[in-house]
Amino acid sequence: MHKRIQILTQIVFIFLFVGLIIMNQIQIWMGVFAVTLLLSVFFSRFYCGWICPINTVMKPFAWVKRKLKIKGPLKVPKILKRPVVRYLSLIGIASILAYSLINKQPIPVLPTLVLIGALIAILFNETWFHRSLCPYGALLKLSAKKPKKAVGIDEDNCTNCGICARVCPSDAVDKLESSHRIDVSECLVCHECIRNCPTNVIHYQVR
Ligand code: SF4
Ligand code: SF4
């Protein structure tokens, strides 16, 4: 049920996104993002898991690769996984947007990012995009550092099986000595871990 609502929400937002591109009104999407950025202070990065068109487009590719047990095919160089890469990406995209605004020259930044996301998901892996390349993720990581509501593990009852860490597309689950813990600032609120935890000890809840 939950998954169906999530997929439906993603479809609605991808239609909205495409509609705005067709109507030449893509700047309205920045308003959608700004609202969700503010809300992420309270409700975590639900934009990523439920609304983001880049993630919605990447998902089917990642799903097919998971089913076929394909990793890669290309390997991401270690240097490009460094935390600084995501902030360089943010600065780069912000500069392009500023140039576009100042010169009143429309540049299709967001649609291009959707295409890049799809290519990354096909050729590399979605985790790299979430953790190192997404400029929106870089901002959301800052706003969702200590959200009021977040995905969390009841560590006392975790059996430490590691399934949550394996299914997490954002590498947001850390292994502890006898349990696992979620880094909420990296969590996309995608609910994959909640759906897959065999002991049902992961919940999206008030902290
Ligand atoms: S899937 Fe559930 S039981 Fe397994 S490590 Fe994660 S939280 Fe613990
Ligand atoms: S799998 Fe769980 S921890 Fe990972 S991004 Fe999704 S909701 Fe967050």
Using packing as a proxy for protection, rank 140-146, 125-131 so that the peptide with the highest average count of other Cβ atoms within 10 Å comes first. 125-131, 140-146
Given the C-alpha centroids of region 103-117 and region 20-77, what is the distance between them in whole angstrom? 14 Å
Counting alpha carbon pairs within less than 8 Å and at least 6 residues apart, what relative contact order, in whole percent, applies to region 2-143? 31 percent
May I ask which residue of I7, P77, L176 lies farthest towards the positive end of the charge dipole of the chain, with charges of +1 (Lys, Arg) and -1 (Asp, Glu) on Cβ and the Cα centre as origin? P77
Protection proxy (average C-beta count within 10 Å per residue), highest first, orders 103-114, 48-59 as 48-59, 103-114
Given +1 on the Cβ of Lys and Arg, -1 on the Cβ of Asp and Glu, and no further charges, what dipole in debye does region 27-121 carry about its Cα centre, rounded to the nearest 20? 680 debye
Looking at the chain, which Cys residues are left with no other cysteine's beta carbon under 4.7 Å from theirs? C48, C52, C134, C158, C161, C168, C187, C190, C197
Calculate how steeply helix 109-123 sits against the longest principal axis of the alpha-carbon atoms of the chain, using the helix alpha-carbon long axis, and give the answer as 0 to 90 degrees to the nearest 10. 40 degrees
Sorted by average packing, counted as other Cβ atoms within 10 angstrom per residue and highest first, what order do 166-173, 26-33 take? 166-173, 26-33
Please list, in order along region 64-69, the HN-Hα scalar couplings obtained from phi with the Karplus expression 6.51 cos²θ - 1.76 cosθ + 1.60 (θ = phi - 60°), rounded to whole Hz, x for Gly and Pro. 4, 5, 5, 5, 8, 6
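Just so you know, all these numbers are worked out from the coordinates, no wet-lab data involved. In this text the structure is predicted, and so the values were computed from the model without any measurement. Here the Cβ is made from the backbone with ideal geometry for all residues, glycine too, and neighbour counts use every protein chain on show.
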